[in-house]
1. State all residues of the range A:56-83 that are more than 8 Å from every other protein chain (Cβ to nearest Cβ) and closer than 23 Å to A:G301 by Cα; if no residue qualifies, say none.
2. Have a look at A:E468, A:E438 and point out the one that is closer than 29 Å to A:G93 by Cβ, acidic (D, E) and either modelled with pLDDT under 95 or surrounded by 23 or more Cβ atoms within 10 Å (Cβ to Cβ) (or both).
3. In the range A:182-203, what residues are in contact (Cβ under 8 Å) with a residue 60 or more places away in the chain and among the hydrophobic types (A, V, I, L, M, F, W, C)?
4. Within the range A:192-221, how many residues are aliphatic (A, V, I, L, M) and within 13 Å of chain B (Cβ to nearest Cβ)?
5. Please go through the range A:338-355 and give me each residue that is away from chain B (no Cβ under 11 Å) and in contact with a Pro (Cβ under 8 Å, 6 or more places away or on another chain), ordered by number.
6. Where the second residue is crowded, with 22+ Cβ neighbours inside 10 Å and the first is modelled with pLDDT under 95 and lies in the range A:150-163, which pairs have Cβ atoms under 6 Å and are six or more apart or on separate chains?
7. State which residue is surrounded by the fewest Cβ atoms within 10 Å (Cβ to Cβ) when the search covers only the range B:184-196 and only residues that are modelled with pLDDT of 95 or more and more than 7 Å from chain A (Cβ to nearest Cβ).
8. Checking B:G148 against (1) at pLDDT 95 or above; (2) surrounded by fewer than 17 Cβ atoms within 10 Å (Cβ to Cβ), which test does it fail?
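The values are calculated or read from the model by the stated rules, or taken from the named source; none is laboratory data. No experiment lies behind these values; they were computed from the predicted model shown. Cβ atoms come from the backbone with ideal geometry, glycine included; neighbour counts cover every protein chain shown.
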Amino acid sequence: MKTIDSDIVIIGSGITAALMAASLVENTKRSVTVIEAGRPTTPLTERTKARARFMAYGESPWKQDHLDDQNAYGTTWGFSPSMNVGGLAMHWGGVSPRYSPEDFRLTSLYGVGDDWPFSYEELDPFYQEAEERMGVAGEQGPVALDPRGKPYPLPPLPVNFNLAQLQAFATQAGVATWSTPSAKLSVARDGRSQCQRCDTCYPVCPSGAKYTPDFTWDALVRDGKVTLVTETLVRRLVADPKTGAIVRATGNRTDATGEEVTINATTFVLAAGFAWSPHLLLLSRDAAHPDGLANRSGLVGKYLAGHRNVNAYLNLPLELYPGINVQHSLVSKQFMRVPRSGRYLRHDLRLWESSVGREPRLRDDAGKPLFGDALLHDWRTRAKGATARIRAYYDVIPDRESTLTLHRAKVNRFGDPMPTMSFRDAPESAALKPWQEEQIAALFRKMAKAGNGTVLKIENSVNDLGQEHPTGGCRMGDDPIQSVVDRWGRAHDHENLWVAGAPTQPSASCCNGTLTFVANGLRTASAIARA
Amino acid sequence: MDDTPPPAGRRTFLKLASALAISTASGCRFETRVPAASGATGSDRRSDFDRTLLDAVGTAVLPAELGDVGVAAAVGAFVAWADGYDPVAEEMHGYGYSDIRYLPADPAPAWRAQLAALDLLARRALRAPFVQLSIDQRRVLIATVVTGAEGDRLPAPIDATHVALALLSHWASSPDAWDLALNAKVQTGTCRVLGDASTTPVPITGRRA
């Protein structure tokens with residue numbers, strides 16, 4: 001059996017874990033060990049080739065980035081089985097908006113959902129820290145829409161030729177937009193390249209312009225600041241039945257040996273994301289904690305949250321050139337910062353160039369196959385003009401029974417039940433859904449009309465698949481009966497156990513969540529350093 | 001996750017990711033064309049197409065505007081792509097589905113057989129080898145064998161039900177083909193200088209893809 005000793009052990013090596021580790025090693029003298037169930041990731045030097053094969057064939061650039069017997073079931077939209085060094089963020093898109101101040105005061109301002117135990121203003125310095133550590137390129141929108149304490153660390157990615165025209169269209173339609181903040185370098189920094197517009201941010205950036213957690217791990221390991229243990233699955237946290245303190249973590253190697261592993265530490269940080277964090281707490285049930293650790297409230301695995309979207313394509317009387325920078329967009333927070341009204345609706349808004357409807361086609365209008373110059377002539381006709389893609393995430397108030405539980409049949413090689421998820425809207429949210437989606441669709445139609453354009457199509461998220469940018473499962477709060485962890489991420493029931501990032505969030509706002517997950521994690525790291 | 005891809009099946013995903021992938025699904029990010037010839041090799045397989053027959057198909061389905069050199073280059077790029085294909089390699093798994101998926105079996109044997117069948121059909125129907133037919137005659141024959149292809153969208157090359165469509169869609173997915181259609185030097189899907197993004201793309205009138 002292998003034994004590991006450390007002051008602080010972090011379980012999981014994803015983006016929240018990486019940036020927390022970077023913070024901890026700067027702010028404590030305690031040793032830090034990171035336990036990752038998966039393997040090392042595809043190194044940067046191999047990503048150009050990996051990208052080429054993804055582009056040519058659809059191959060994964062992240063070979064064997066998962067464990068075949070370690071997966072989640074149920075409504076898994078928003079979940080990825082990625083389990084390797086860097087986690088899911090090895091193939092994130094790098095889009096890094098902040099939540100808006102309203103997200104932290106939903107009950108107070110709108111009478112729905114729950115307030116967070118702290119404010120946007122309290123999170124602002126940790127947002128800034130996250131942006132600086134990752135290298136976020138952005139421009140502040142109008143101050144009333146986009147409040148922040150300090151400027152972005154890097155200038156924004158440019159509003160390119162296509163986006164400039166779309167920005168003028170949006171302005172004409174009454175919507176303020178600006179360059180979407182992104183964890184992609186607008187100028188070279190720390191040995192990483194400036195963005196090269198490769199347009200494969202998702203799933204792989206070959207230049208290193210997009211932040212991925214392996215950059216942080218490589219530096220921390222190289223400098224001897226953390227110990228990174230891979231291919232080791234933590235299967236249980238063991239609590240002292242009298243004090244509740246976590247005394248060790250136990251698990252196994254995930255390589256062929258399956259060797260047993262024990263990890264002794266004084267501080268345990270669960271940074272394994274919204275699925276695997278509550279899953280481990282539920283797995284760790286014992287005689288003193290029959291419902292799992294940290295679960296006096298019965299809320300471990302509850303209140304899974306996320307958002308859905310309405311997506312549309314507009315035909316506009318502009319001349320765009322699809323492909324200038326497909327993955328970059330304009331963003332607006334205009335509809336996130338709304339006053340209380342009769343019915344609740346908040347959403348973000350993003351605007352992209354699109355080539356929908358402008359592609360070559362196999363047949364003409366009469367159904368005759370198109371070959372050769374006839375195909376090219378037809379394509380040229382179709383290629384003129386402009387298609388804009390517009391999308392709004394709207395937030396979903398989670399139900400208490402939006403849950404992650406242990407699957408009754410699916411087990412891994414060690415016999416541990418796997419997680420199964422069932423996302424559920426709170427009743428008020430479910431009742432609002434049709435109206436909310438129609439309101440957003442009406443906005444899109446209004447925008448198209450303002451731009452003298454037409455709507456090609458409008459689509460809603462498919463029901464019952466799960467939700468996007470998911471959070472929850474270990475929600476934070478001041479009342480131990482209503483929450484799993486306190487406002488700093490410390491478990492109410494276990495003084496030396498901390499849960500970090502996405503699982504602690506009471507809600508998931510209506511925009512991409514990764515930056516907020518990291519900011520929350522950095523806030524937790526600051527508390528661990530002080531503890 | 002930015003802009004989550006849809007809960008796509010493999011065919012849909014490949015359409016998004018490996019060809020002239022234009023997303024139509026909500027939340028999907030893939031709205032890009034991809035390089036026709038990646039230059040990458042997955043294995044040392046050889047597709048072993050009858051190159052004379054494949055060239056003859058190329059002259060029928062690809063634009064004459066490419067010129068002889070352009071058509072030959074497009075056919076060569078397709079062959080290189082087929083040679084580099086790695087059967088049942090792991091597909092990209094993103095957001096929206098949690099199962100691990102794998103690419104299909106090698107399409108080359110079926111495509112080789114289809115080339116041979118085109119020649120047989122030409123000999124039976126028109127009493128001449130396929131390569132000796134006029135361009136229009138070749139197109140008529142090809143049109144008869146691709147009638148089963150669904151919809152009006154070109155399939156991703158790997159999903160093409162006929163080698164003629166695979167070749168055509170492979171070319172159409174290239175940055176140069178898109179530039180030809182747009183009459184502008186955009187070079188979509190190609191790593192490029194960031195600062196150039198703000199300028200109007202340069203017209204390419206007179207150039208050949």
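1. Listed by number, the residues that qualify are A:L67, A:D69, A:Q70, A:G74, A:T75, A:M83.
2. The unique qualifying residue is A:E468.
3. Start the filter on the range A:182-203 by keeping residues that are in contact (Cβ under 8 Å) with a residue 60 or more places away in the chain, which leaves A:182-184, A:197-203.
Listed by number, the residues that qualify are A:A183, A:C198, A:C201.
4. Qualifying residue count, the range A:192-221: 2.
5. A:D348
6. none
7. Going through the qualifying residues, I end up with B:K185.
8. Only one criterion in (1) at pLDDT 95 or above; (2) surrounded by fewer than 17 Cβ atoms within 10 Å (Cβ to Cβ) is unmet by B:G148, namely (1).
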